[in-house]
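What follows is a single structure, written as structure tokens, with notes after it.
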Amino acid sequence: MNNGNRKLRIALTKGRLEKDTVGLLEKIGYDCTAVREKGRRLILPVGDSIEVVLAKAADVITYVEHGVCDMGVVGKDTIMEMSGKFFEVVDLGFGRCKFALAGKKGEDFYQGYNVKTIATKYPNVSRSFFEKKGMDVEIVKIEGSVELAPLLNLADAIVDIVETGTTLRENGLEVYEDVAPISARLIVNTVSLKIRQQEIEDLIKKIEDNLDE
Ligand code: PRP
């Protein structure tokens, strides 16, 4: 449901992307004091014309798809895993990391003909990666610290986010192959873009003009 009369509402992914997103909004000139001093509040004013909703990445997509938020800031990792009906309009350049296939150091993942087991928090991303290779794999969904799966011999490899590589390194694992680059993206509800076109396009322009190189 879209409401053309309310403030422009932007869903922000809590956590890693939050600081950079707030930094970007401040650079454009919006007062983000309420977000910086949010306490336990979840809907916060940013300047006079915007309100920000703080949510988990997957929920950012849900709120934008349903039009209860006009725009959202979310990682490409979540977009690739969930897909959905919205416009992805700007690569914000921060939150850079990658999806990678990884496993125990020194092992040849592609050796042998047995069906490999892949542990991941991202089953759709993993399935599509191996489908493109024409490779049949078994996928096991893990909720946290996927790196444990090869260490416990539950999986031959993982498909997971690698940022600095520290988690892999400290657990005797290594990247076998890069799957896809990731960064934060600005997404827009399809109806909002029509009924609040000027307002949204102005904000997109300001954001694009203020992105770090
Ligand atoms: C992610 C990912 C890796 C880690 C990689 O987990 O699942 O475990 O970051 O980062 P690194 O390459 O810099 O070591 P995150 O910390 O987001 O926690 P999560 O398990 O709750 O997703």
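The values are calculated or read from the model by the stated rules, or taken from the named source; none is laboratory data. Computed from a prediction, not measured in an experiment: that's the story for all the values here. For neighbour counting, all protein chains shown are included, and Cβ atoms are generated from backbone atoms with ideal geometry for every residue, glycine included. The accessibility values were calculated without ligands, DNA or RNA, using every heavy atom of the protein model including side chains. Shrake-Rupley method; radii C 1.70, N 1.55, O 1.52, S 1.80 Å.
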Practice prompt. Select from the range 63-92 the residues that are open to solvent by less than 30 Å² (accessible area, probe 1.4 Å) and in contact with a Leu (Cβ under 7 Å, 6 or more places away or on another chain) and list them in ascending order.
Written response: Asp70, Met71, Val73, Gly75, Val90, Leu92
Item to complete: Of the conditions (1) surrounded by 11 or more Cβ atoms within 10 Å (Cβ to Cβ); (2) within 11 Å of the ligand (Cβ to nearest atom); (3) within 30 Å of Gly67 (Cα to Cα); (4) not β-branched (Val, Ile, Thr), Asn171 clears all except one; give me its number.
Response: (3)
Item to complete: For the range 154-161, indicate whether the set of residues that are farther than 19 Å from Cys97 by Cβ, surrounded by fewer than 16 Cβ atoms within 10 Å (Cβ to Cβ), modelled with pLDDT of 95 or more and within 15 Å of the ligand (Cβ to nearest atom) is non-empty.
Response: no
Worksheet item: Tyr176 is checked against (1) within 13 Å of the ligand (Cβ to nearest atom); (2) in a strand (DSSP E or B) and fails just one. What number does that condition carry?
Response: (1)
Worksheet item: Is there a residue being open to solvent by 40 Å² or more (accessible area, probe 1.4 Å), over 24 Å from the mean Cα position of the chain (by Cα), charged (D, E, K, R) and within 16 Å of the ligand (Cβ to nearest atom) anywhere in the range 99-120?
Response: yes
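Tally up the residues in the range 16-28 that are free of Cβ contacts under 8 Å to residues at least 40 places away in the same chain and either part of a loop (DSSP other than H, G, I, E, B) or out of contact with any Cys (no Cβ under 6 Å at 6 or more places or on another chain) (or both), please.
Adding up the residues that qualify gives 3.
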Worksheet item: Restricting to the range 140-171, what's the tally of residues that are part of a loop (DSSP other than H, G, I, E, B) and touching a residue at least 60 places away in the same chain (Cβ under 8 Å)?
Response: 1
Discussion item. Among the residues that make up the range 29-36, is at least one of them open to solvent by 50 Å² or more (accessible area, probe 1.4 Å), farther than 30 Å from Val159 by Cα, assigned to a loop (DSSP other than H, G, I, E, B) and not acidic (Asp, Glu)?
Written reply: yes
Discussion item. I need every pair where a residue in the range 81-102 that is touching a residue at least 60 places away in the same chain (Cβ under 8 Å) has its Cβ under 9 Å from the Cβ of a residue that is assigned to a strand (DSSP E or B) and open to solvent by 70 Å² or more (accessible area, probe 1.4 Å), sequence separation at least 6 or different chains.
Written reply: Arg96/Pro181; Cys97/Pro181; Lys98/Asp178; Lys98/Pro181; Phe99/Asp178; Phe99/Pro181; Ala100/Asp178; Leu101/Asp178
Item to complete: Return only the number of the condition from (1) aliphatic (A, V, I, L, M); (2) part of a helix (DSSP H, G or I); (3) open to solvent by 30 Å² or more (accessible area, probe 1.4 Å) that Val60 does not satisfy.
Response: (3)
Discussion item. Of all residues being among the small types (Gly, Ala, Ser) and closer than 19 Å to Ile79 by Cα in the range 121-153, which is nearest to the ligand (Cβ to nearest atom)? Just the residue, please.
Written reply: Gly144
